[in-house]
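Undergrad: Submitted below is the structure of interest, expressed as structure tokens.
Please treat every number below as a calculation from the coordinates, not as lab data. A quick note: this is a predicted structure, and the numbers were derived from the prediction, not measured. Glycine also receives a Cβ, built like all others from the backbone with ideal geometry; neighbour counts cover every protein chain displayed.
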Amino acid sequence: MSTGSGADSAPAPTTLDKPAHPKNSMFSSLRIRNYRLFAAGAVVSNTGTWMARITQDWLVLSLTGSSAAVGITTAMQFLPMLLFGLYGGVIADRFAKRNLLFVTQGAMGLGGLFLAAMTLTGHVQVWHVYVTAFFTGLVTVVDNPTRQSFVSELVGPDQVRNAVSLNSANFQSARLIGPAVAGVVTAAVGPGYAFLANGLSFLAPIAGLLLMRTGELTRSPLAPRRGKGQLREGLNHVREHPELIWPIVLIGFIGTFGFNFPIWLSAYADEVFHGGSGMYAAFTTLMAAGSLIGALLAARRPASRLRMLTATAGLFGVALIAVAAVPNAYVFAGLLVPVGAIGLTVNVTANSSVQMATDPEMRGRVMSLFMMVFVGGTPFGGPLFGWLTDTYGVRVSFALGGLVVAVAALAVGLILARAANLRLKVDLRRGRQHVRFVPREAELAPAA
């Protein structure tokens with residue numbers, strides 16, 4: 001399955017909430033049977049997805065010889081989210097989420113089987129990849145907010161942050177396995193079988209959904225199926241809460257300018273270090289290892305705080321700028337691990353902060369907006385950074401993405417501090433906390 005003060009605390013419990021589970025540990029959500037089934041199905045389908053994604057990027061590069069074409073493929077997959085993403089959230093809030101997931105997961109499996117058929121018969125052309133990517137994107141419009149908000153139904157509000165972190169760890173574990181398996185399968189029997197494995201992998205989450213005990217779900221209230229103004233209601237809810245709107249704005253900048261790794265890593269492997277598809281798979285695997293570490297560390301933290309979000313986002317941007325100039329392939333590869341860990345921490349912190357600060361009946365619409373801005377900027381970022389890579393080189397493209405992310409993190413951090421009536425205080429005296437936010441009223445207080 002293909003991720004102000006309100007953000008620091010869960011919504012008030014309702015009569016539907018289950019009793020609190022024991023204190024959070026790294027894997028506390030896995031105590032819940034329905035979540036275990038969800039996670040087991042997800043790791044299988046995620047592995048298939050990563051097999052297809054790596055094979056797809058390299059297939060397009062092989063067919064066209066253009067990084068811009070890889071960017072277009074990525075853009076085709078995420079363009080539907082930009083165009084229709086908010087409507088996916090309305091659908092997610094109107095219908096039972098488990099039932100919707102049967103439909104979306106089955107449709108994604110069919111998309112994988114189509115591309116497998118084209119490749120295995122020797123008729124694959126780049127436009128087949130574009131069409132499949134666009135179809136997958138359309139399904140994802142509904143699938144993403146449904147899966148994101150279904151997590152809270154599986155585990156209840158007290159375990160949302162832990163479950164979101166474990167979902168990310170699940171995805172990154174598959175990201176470690178998928179490229180390696182794809183490389184072996186492609187070398188042994190050809191890329192078509194990697195696409196076939198992806199299509200069949202969606203049988204696992206469908207089986208998990210079938211085996212769930214529906215009576216143990218913490219169901220969210222459903223929106224009326226024919227109600228008017230539901231989309232506007234969700235947008236107004238976000239606009240009225242700074243702890244929602246500014247993390248969503250920040251994640252939009254990060255998704256558009258900071259997460260163009262299929263373009264960057266394939267170009268570094270092919271053009272800078274001349275290592276071919278094996279090096280590209282290795283780069284992707286190392287970054288996934290870092291992301292997995294970041295997800296597991298995030299699972300141990302009991303709360304998501306906005307200051308952590310802005311700080312890690314700024315650090316992520318600075319890391320991209322620093323790594324862009326590394327001249328040695330081995331050093332570059334090693335630094336992908338901390339880059340992956342920091343990037344994943346940003347994603348998990350933003351996701352869980354927004355979910356925890358959102359009313360349950362609005363969660364589908366809010367998460368659709370979150371996912372729309374996170375991945376919906378890719379139709380702009382993918383072709384833009386593909387063009388920058390082809391025209392000015394991948395190092396310039398990589399560093400520019402990091403610069404935009406760092407500036408956005410600084411701006412959002414200052415806006416959130418101002419909304420909370422805080423100011424930045426710098427104290428260089430020994431033994432003091434050198435940089436911190438303090439209430440503005442403290443400026444007027446007499447010196448002790």
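Undergrad: Could you let me know the centre-to-centre spacing of segment 111-146 and segment 383-402, using Cα atoms, in angstrom?
TA: Taking the Cα centre of segment 383-402 as reference, the centre of segment 111-146 is 26 Å away.
Undergrad: Skipping prolines and chain starts, which residues have an amide H placed within reach, meaning under 5 Å, of the one on THR218, given they are 5 or more residues away or on another chain?
TA: It is LEU154, GLY156, by chain and number.
Undergrad: Right, next: Note down the magnitude of the dipole of segment 5-443 about its Cα centre, charges +1 on Lys and Arg C-beta and -1 on Asp and Glu C-beta and zero elsewhere, to the nearest 20 debye.
TA: Computed charge dipole of segment 5-443: roughly 1180 debye.
Undergrad: Put +1 on the Cβ of every Lys and Arg and -1 on every Asp and Glu Cβ in segment 5-443; which of MET287, ASN328, HIS128 then has its Cα farthest towards the positive end of the dipole?
TA: Going by the Cα projections, it comes out as MET287.
Undergrad: Hey, another quick one. Hey, what's the per residue convex hull volume over the C-alpha atoms of segment 5-443, in cubic angstrom? Could the numbers behind the result be given before it?
TA: Working: hull volume 64.1 nm³, N = 439.
Cα-based convex hull of segment 5-443, divided per residue, equals 146 Å³.
Undergrad: Let me ask something else. Going highest first, how would you order 363-373, 180-190, 103-113, 38-48 by mean Cβ packing within 10 Å?
TA: Top to bottom by mean Cβ count within 10 Å: 363-373, 38-48, 103-113, 180-190.
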